[in-house]
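Everything below concerns the one structure shown next.
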Amino acid sequence: MNLGLSEEHNIIRQAARDFARTHLLPGVIERDELQKFPEEQVKKLGELGFMGLMVSPDYGGAGLDTVAYVLAIEEIAKIDASTAVIMSVNNSLVCSVIESHGDDLQKKEYLTSLARGEKLGGFCLSEPEAGSDATSQKTSAIDKGDYFLLNGTKNWITNAQTADVFIVIAQSDYELGHKGINAFIVERKWN
């Protein structure tokens, strides 16, 4: 059994390492101190395929495995943990949810632009009283026929100020308990 990294894994790791040293290291302390979103760097990550590493090429992604994804995140985080979180949320909490659970229309509408870094994803789970315990959340989703009305308060929303598309976790049927919890795609422009 070979437990070493494949050639592809090593290439991805080196590409992420090179990117981090070349594009993230310059200005990392200043961006951190000023709490400045790394807009140019995230755009370049998208252009290089790092914003949709595990997304199928059918939807603009790189189609790589979890090991490649983890290696890339690790190399980015060594230099700039904030950018690694931005990249991670877009990949694992937004793209993967849409690819795994979205319908074909949702995948075409959102997944391609998210995987290419043309749009950025945000994730809304945590609440003031519940933290990240989804079963204790109060955000509701009321079925209005052709849409759901979401009502509640979220906090610690990753990519809140810059995301175009959000995955919002809400309760659509309190009687079902945890089985009534759903993930909704919400566009910033819908507010």
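Quick one: would you say residue 22 is of a type in the set (Ser, Thr, Tyr) and farther than 28 Å from residue 98 by Cα?
So residue 22 fits the description; yes.
Take the residues in the range 110-134 that are more than 17 Å from residue 48 (Cα to Cα), at pLDDT 85 or above and hydroxyl-bearing (Ser, Thr, Tyr), then tell me which one is surrounded by the most Cβ atoms within 10 Å (Cβ to Cβ).
Looking at residues that are more than 17 Å from residue 48 (Cα to Cα), at pLDDT 85 or above and hydroxyl-bearing (Ser, Thr, Tyr), I get 110.
Within the range 74-95, work out how many residues are closer than 18 Å to residue 116 by Cβ and more than 8 Å from the chain's Cα centre (by Cα).
Residues in the range 74-95 being closer than 18 Å to residue 116 by Cβ and more than 8 Å from the chain's Cα centre (by Cα): 2 in total.
Could you give me the residue pairs with C-beta distances under 7 Å whose first residue belongs to the range 65-81 and is assigned by TED's automatic domain parsing to the domain that holds residue 49, whose second residue is aliphatic (A, V, I, L, M) and surrounded by fewer than 15 Cβ atoms within 10 Å (Cβ to Cβ) wherever it lies, and which are 6+ apart or on separate chains?
What qualifies is 79/25.
Specify which of the listed residues (25, 64, 48, 34) is of a type in the set (A, V, I, L, M), touching a helix residue (DSSP H, G or I) at 6+ places or on another chain (Cβ under 6 Å) and either closer than 25 Å to residue 161 by Cβ or crowded, with 18+ Cβ neighbours inside 10 Å (or both).
Going through 25, 64, 48, 34 in turn, just one is of a type in the set (A, V, I, L, M), touching a helix residue (DSSP H, G or I) at 6+ places or on another chain (Cβ under 6 Å) and either closer than 25 Å to residue 161 by Cβ or crowded, with 18+ Cβ neighbours inside 10 Å (or both): 25.
For the range 154-182, enumerate the residues that are closer than 14 Å to residue 126 by Cβ and of a type outside the set (Val, Ile, Thr).
Selection gives 154, 155, 156, 159, 160, 166, 170.
Can you pull out the residues in the range 99-152 that are among the hydroxyl-bearing types (Ser, Thr, Tyr), in a loop (DSSP other than H, G, I, E, B) and within 19 Å of the chain's Cα centre (by Cα)?
Matches in the range 99-152: 126, 132.
The values are calculated or read from the model by the stated rules, or taken from the named source; none is laboratory data. Because the structure is predicted, anything quoted here is derived from the model rather than measured. Heads up, the Cβs are rebuilt from the backbone with ideal geometry, glycines too, and the neighbour counts pull from every protein chain shown.
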